Amino acid sequence: MPAMHRAALVIALAATLLAVVPIAHAEAQLRPPRGFFGVMWDRAALRGSADEQDAQWAVMARSGVESVRLVFSWAAVQPTPEDPDDYSSTDTRVASAARHGVVLLPVVLYPPEWARRYPERESSPPAHASDYAAFMARLVQRYGPGGTFWAEHPELPARPVRAWQIWNEPNFDFYWYTPEEGGWAREYVELLRQSKLAIEAVDPGARIVLAGFANASWKVLNAAYRAGAKGAFDVASVNIFTGRPGWVMAA
C-alpha cells in the first residue's frame, strides 16, 4: 500500500476512534441510578420447584434486577386465628432474595376467610383493620431489622425488609369489595393508618408504601387524600395499567 494511502487510513481510523470515545463516555453517564430497575414476582414465576425458582432469582440478579415486588398472602400465612403463623412460603422467597442480593418490596393482601368482612368474598377487606395491622407487625418482627428469620438463618446475608406496601388497588372491587360506592377510600385509609403505627412500633425506620393505584390513578390518589391519607404513608405507588394511552402519560 502506498505511503499516502497508509497515512490516509491511519487518519481515518484515528478520527473514528475520536468519534467513538465521546459516545461511549456519554453512554456511561446515562446509566440509570442505583435501585432503578425492579420487577414483579408473580404468576408463572411461582409455579416452579424451589430449585427452579431460586435459579430464576439468580438470573434476575445477573440481569441487573435490583428489587422485586411480590405478594405476601395473609391467608397463606395465617389461615386460622388459633394456629401459629406458617411462614414457609415467605421464608423461601426472602431467602432467595437475600442470597442473590435483591431488595424486597412485599405487598401484603388477601385476608383469610376468618378475618374477612364478607367471608364469602375473596376480595373482601379485613373485618377489623387492627387484625391486619397486627399481622403486619409480626411480619416486621420476622423479616425486619433483627428479625427472627435472620436469627434462624445465620448462613444468609442479613438483608432486612425495610419497605412494606399496604394492599393493592383498593379502588377495584376485585381487590377491595364494598357495597358502598367510593367507600373503599375511608376504609382503606383506616387500614393504612393502623398499619403504619404497627409497623413503625417495630421498625421506626421502615417505609410505608401506598397501595398501587391504576387507571386514572391521580384521581384515585386524590380520593385517598380526601379520606385522610396525608401523613399515613411515605411512598406513593402507581400501577400504569389502563386502556387509554393518554392516561399513561397523565399518570
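The values are calculated or read from the model by the stated rules, or taken from the named source; none is laboratory data. Model, not experiment: these values are computed from the prediction. Because the Cβ atoms are built from the backbone with ideal geometry, glycine has one as well, and the counts that use them run over all protein chains shown. Note: accessible area is taken over every heavy atom of the protein model, side chains too, but ligands, DNA and RNA are not part of it. Shrake-Rupley method; radii C 1.70, N 1.55, O 1.52, S 1.80 Å.
Matching residues to (1) modelled with pLDDT of 95 or more; (2) exposed (fewer than 14 other Cβ atoms within 10 Å of the Cβ); (3) of a type in the set (D, E, K, R):
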{"residue": "LEU191", "(1), (2), (3)": "yes, no, no"}
{"residue": "GLU200", "(1), (2), (3)": "yes, no, yes"}
{"residue": "ALA206", "(1), (2), (3)": "yes, no, no"}
{"residue": "ASN215", "(1), (2), (3)": "no, no, no"}
{"residue": "ALA224", "(1), (2), (3)": "yes, no, no"}
{"residue": "GLY231", "(1), (2), (3)": "yes, yes, no"}
{"residue": "TRP247", "(1), (2), (3)": "no, no, no"}
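What is the one condition in (1) at pLDDT below 90; (2) under 20 Å from ARG162 (Cβ atoms) that VAL65 does not satisfy?
(1)
Restricting to segment 176-187, name every residue that is under 18 Å from TYR132 (Cβ atoms) and open to solvent by 50 Å² or more (accessible area, probe 1.4 Å).
ARG186, the sole residue that qualifies.
Any residue in segment 178-200 that is farther than 12 Å from ILE166 by Cα and of a type in the set (A, V, I, L, M) sitting within a Cβ distance under 6 Å of a residue that is in a loop (DSSP other than H, G, I, E, B) and modelled with pLDDT of 95 or more? List the pairs, counting only those 6 or more apart or interchain.
Partner pairs satisfying both residue conditions: ALA185/ALA227.
Could we say that SER96 is crowded, with 20+ Cβ neighbours inside 10 Å and either among the hydroxyl-bearing types (Ser, Thr, Tyr) or within 21 Å of VAL209 (Cα to Cα) (or both) here? Full working, then the answer.
On the way: crowded, with 20+ Cβ neighbours inside 10 Å: yes; either among the hydroxyl-bearing types (Ser, Thr, Tyr) or within 21 Å of VAL209 (Cα to Cα) (or both): yes.
The answer is yes for SER96.
Quick one: ALA151 ticks every box in (1) touching a residue at least 12 places away in the same chain (Cβ under 8 Å); (2) over 18 Å from the mean Cα position of the chain (by Cα) except a single one, so which number is it?
The one condition ALA151 does not meet is (1).
For ASN168, indicate whether it is open to solvent by 60 Å² or more (accessible area, probe 1.4 Å) and either closer than 24 Å to VAL140 by Cα or modelled with pLDDT of 95 or more (or both).
The answer is no for ASN168.
In segment 127-145, how many residues are surrounded by fewer than 21 Cβ atoms within 10 Å (Cβ to Cβ) and farther than 18 Å from ARG162 by Cβ?
6
Scan segment 99-111 for residues that are within 20 Å of ASN171 (Cα to Cα), without any contact (Cβ under 8 Å) to a residue 60 or more places away in the chain and open to solvent by less than 30 Å² (accessible area, probe 1.4 Å) and jot them down.
PRO106, VAL108, PRO111
Check off (1) out of contact with any Lys or Arg (no Cβ under 6 Å at 6 or more places or on another chain); (2) touching a residue at least 24 places away in the same chain (Cβ under 8 Å) for PRO125 and give me the number that stays unchecked.
(1)
Name the residue that is nearest to HIS128 (Cα to Cα), counting only residues in segment 156-165 that are touching a helix residue (DSSP H, G or I) at 6+ places or on another chain (Cβ under 9 Å) and surrounded by fewer than 21 Cβ atoms within 10 Å (Cβ to Cβ). Don't jump to the end; show me each part of the working.
Let us first name the residues in segment 156-165 that are touching a helix residue (DSSP H, G or I) at 6+ places or on another chain (Cβ under 9 Å), namely 156-161, 164.
From what is left, the residues that are surrounded by fewer than 21 Cβ atoms within 10 Å (Cβ to Cβ) are 156-160.
Values: LEU156: 36, PRO157: 36, ALA158: 33, ARG159: 31, PRO160: 28 Å.
Ranking the candidates gives PRO160 first.
Residue under question is SER195, and the condition is that it be among the hydroxyl-bearing types (Ser, Thr, Tyr), within 18 Å of the chain's Cα centre (by Cα) and modelled with pLDDT under 95; does it hold?
no
Tell me, yes or no, whether segment 75-90 has at least one residue that is of a type outside the set (Val, Ile, Thr), crowded, with 16+ Cβ neighbours inside 10 Å and under 22 Å from SER49 (Cβ atoms).
Within segment 75-90 (the criterion being of a type outside the set (Val, Ile, Thr), crowded, with 16+ Cβ neighbours inside 10 Å and under 22 Å from SER49 (Cβ atoms)), the answer is yes, since at least one residue qualifies.
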